[in-house]
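Report on the structure given below.
Read the figures in this text as sums done on the coordinates, not as results from a lab. For clarity, every value in this text was computed on a predicted model and none was experimentally measured. Note: ideal-geometry Cβ built from the backbone for every residue, glycine included; neighbour counts use all protein chains shown.
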Amino acid sequence: MIKIILFLLFSLLTYSQNNKETDYTNYHKNINRAEIFFFKEQNIDSSLFYYEKVFKDYDFIFLKDLIVCAQIAKHSNKPFIKYIEKGFEFGLKIEHLKNYPIFGDIAKLEKENKLKEKYNKTRKLYLKKIDFDYLDFVYDIAINDQCNKHTKEYKSFKQKSMYSLKKRIITKGFPGERLLGILDSTIFSEAKIKNKDIKYRITQQPKAKTFDKEPEGGLVQTIIFPYFMHFDYCFFKEFDNKQLINEIKKGNIHPRDIAFYNDVAFTTLFGANVCSCKEHETNGFYFSTFGFDEHLFNSKVANKLRESMFMVPYEIDVLKLEHEKKYSFKLFHGKFGFR
């Protein structure tokens, strides 16, 4: 009888582990619901309900969402350590919390043996999930881009490197956190892979020293961002909407990363209200005004774009900014804090 019960429990556990959602459409929709409930409606319980649902339903979680949830819980006097522990699975380090004023002095957390044990155990599992071969390949592209961006051969370099990168994206997926983990300057050394870390490579190719300025603890993978930002033609000529939506659904790229590329393309490459991206009909409108030209912004159009990319309405981002100022939250991550 005991053997039967143990067998059933094991079967149930195996089923629950393997029965995770694979389409990230509902992931982002439920995260959006959680943000709306908290930042707009001040409904803490409903907000945490949707966060918990996402964390239970999906095997990969964008670390930013866990830390936003942890901040909401801490602010609301709810248990928050469990979200920190969950974050270890996706690259979080205890010292990263120093970047989040709402958690206060984290010295006590750093001294907790149980938390350290949890981190050390989970860290090994995190490292096993990273595709280091792909990360090595992306590092090479990103650094060579920095070294070649002012040369006559740059256009030829871009064409070749983009061709190689697109082949990888087709076979593996977009180089985001799910496949490469969050940006970490010592990740290769930690995995016992010598002479591959970004800081070592910079010593070999000093022209790429800009990567020294990439913030540790940003909780996202931004190593490829400058490469895409340097294109003298639209990012969306290389990746049409259908492919991008498919990568979102797989959890390989965050919608806000696509929004970032969109807004940078309009702002720095084509100028006001001009776009040569026939596949991405945004008519020169931005997803956001953060760091861009406010007089070109139309919230009604922006919200349609944001909805198509599974993002919260623009007014929720405004409320999030207000919470950052009032309550010491940190809610935006990634390149220039766009995500």
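Treating segment 68-202 as a set of equal point scatterers at the Cα positions, no solvent, please give the Debye-formula log₁₀ I(q)/I(0) at q = 0.17, 0.22 Å⁻¹.
After summing over all Cα pairs, the log10 values are -0.98, -1.29.
Order of 64-77, 105-118, 143-156 by packing, highest average Cβ count within 10 Å first? Numbers along the way, then the final one.
On the way: 64-77: 21.8, 105-118: 11.8, 143-156: 14.0.
In decreasing order of mean packing, 64-77, 105-118, 143-156 become 64-77, 143-156, 105-118.
Sum up the charges of everything whose Cβ sits under 10 Å from the Cβ of Gly173, counting Lys and Arg as +1 and Asp and Glu as -1, but leave Gly173 out.
Summing Lys and Arg as +1 and Asp and Glu as -1 gives +2.
Tyr119: net charge of surrounding residues, Cβ under 9 Å, Lys/Arg +1, Asp/Glu -1, itself excluded? Mind dumping the intermediate values first?
On the way: positive: Lys93, Lys116, Lys118, Lys121, Arg123; negative: Glu85, Glu117.
Net charge in that neighbourhood comes out at +3.
Report, in listed order, any pair from Lys93/Lys199; Lys207/Lys237; Lys78/Lys325; Lys56/Lys320; Lys40/Lys300; Lys194/Lys330 with a Cα-Cα distance greater than 23 Å. Could the numbers behind the result be given before it?
Numbers: Lys93/Lys199 19 Å; Lys207/Lys237 28 Å; Lys78/Lys325 21 Å; Lys56/Lys320 25 Å; Lys40/Lys300 18 Å; Lys194/Lys330 34 Å.
Cα-Cα > 23 Å for Lys207/Lys237; Lys56/Lys320; Lys194/Lys330; rest within.
Given segment 101-159, report the % of alpha carbon pairs whose separation exceeds 20 Å. Each step should come with its number before you reach the end.
Values: 1006 of 1711 pairs.
Considering segment 101-159, 59 percent of its Cα-Cα pairs are separated by more than 20 Å.
Enumerate the aspartates and glutamates that Lys124 could reach by cross-link, defined here as Cα to Cα under 16 Å, with residues fewer than 8 away along the same chain left out.
Partners found: Glu85, Glu89, Asp184, Glu190.
Within the set of other residues whose C-beta is less than 9 Å from the C-beta of Thr22, count the net charge using Lys and Arg as +1 and Asp and Glu as -1.
0
What Rg and what Dmax come out for segment 174-229 when only alpha-carbon atoms are used, in angstroms?
11.3, 32
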